[in-house]
C-alpha cells in the first residue's frame, strides 16, 4: 500500500485500475530471495542472467500508458521476473508473454502460478517477432530496449491499440505508438534506462 501511495500515485499515475492492480500483486514473490527485502523500494533489482525487474513506478507508468480495455488481449515482450505480466493479468482478459532466456521464463511461470496467475501464457522465444499466432493485440508492452522499434510488433496491434516501448542505446526514451488505419502515431514520454533487447534486435 505504501509503495503505491508514496511512489506511484504521488508521482502522477492516476488510473484507478492500474493503482488497484499494483496494490493486489505481491511484488516480493517475483524477486530472488537475496533481494526480497527491497521488493517495495522504488528501484530496479537484479533477477539474474543480466536482467532486472523494473522499478514499481516505471511498471505503473508503462501500464497506464497502454490504456487497456477490460477485455484486452495483451502481449508483453520480456517476461523477466513475471511481475509486469501479473500486473497485466489484473487488467486484461488474456496475457501473452515472451522471454528469450529459458531459465527466466521457467522461473517466471512458477512465480506466476504460485501467485495465482495461471492464465498468463509464457513462451521462450525472440520477442522481436512478437506472437503472430495470437495477434492482433489490444496492447503490447516491451521491457527491454531495442535500437529501433521491431516492425512485427507494430503490425500485430489492433487499430487504436498502443505499443509502449523503450528505444535507444546509450540514451533511451520511452515511446508510445498508436496504430491507425494508415500506420501509427508516435510520441516520446520521458528518458529511461532499460537492459538492451537481445536476439534479432541486437543483430540489426
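The values are calculated or read from the model by the stated rules, or taken from the named source; none is laboratory data. All figures in this text were calculated on a predicted structure; none of them were measured in a lab. Positions of Cβ are backbone-derived with ideal geometry, glycine not excepted, and every protein chain shown enters the neighbour counts.
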Taking the condition of being buried (at least 20 other Cβ atoms within 10 Å of the Cβ) and part of a helix (DSSP H, G or I), how many residues in the range 112-136 meet it? 3
How many residues are touching a helix residue (DSSP H, G or I) at 6+ places or on another chain (Cβ under 9 Å), at pLDDT 95 or above and outside any helix (DSSP H, G or I) when one looks only at the range 51-69? 1
Can you pull out every residue in the range 69-80 that is under 13 Å from the mean Cα position of the chain (by Cα) and surrounded by fewer than 23 Cβ atoms within 10 Å (Cβ to Cβ)? none
Exactly one condition in (1) in contact (Cβ under 8 Å) with a residue 60 or more places away in the chain; (2) within 29 Å of residue 160 (Cβ to Cβ) is not met by residue 114; state its number. (2)
Take residue 106 and tell me if it is over 27 Å from residue 183 (Cβ atoms), surrounded by fewer than 21 Cβ atoms within 10 Å (Cβ to Cβ), out of contact with any helix residue (DSSP H, G or I) (no Cβ under 6 Å at 6 or more places or on another chain) and modelled with pLDDT under 95. no
Quick check on residue 153: is it in contact with a strand residue (DSSP E or B) (Cβ under 6 Å, 6 or more places away or on another chain), assigned to a helix (DSSP H, G or I) and closer than 19 Å to residue 99 by Cα? yes
Answer with yes or no whether residue 98 is in a helix (DSSP H, G or I), under 12 Å from the mean Cα position of the chain (by Cα) and closer than 14 Å to residue 143 by Cα. no
Which listed residue is buried (at least 16 other Cβ atoms within 10 Å of the Cβ) and over 25 Å from residue 198 (Cβ atoms), from 10, 85, 21, 89: 21
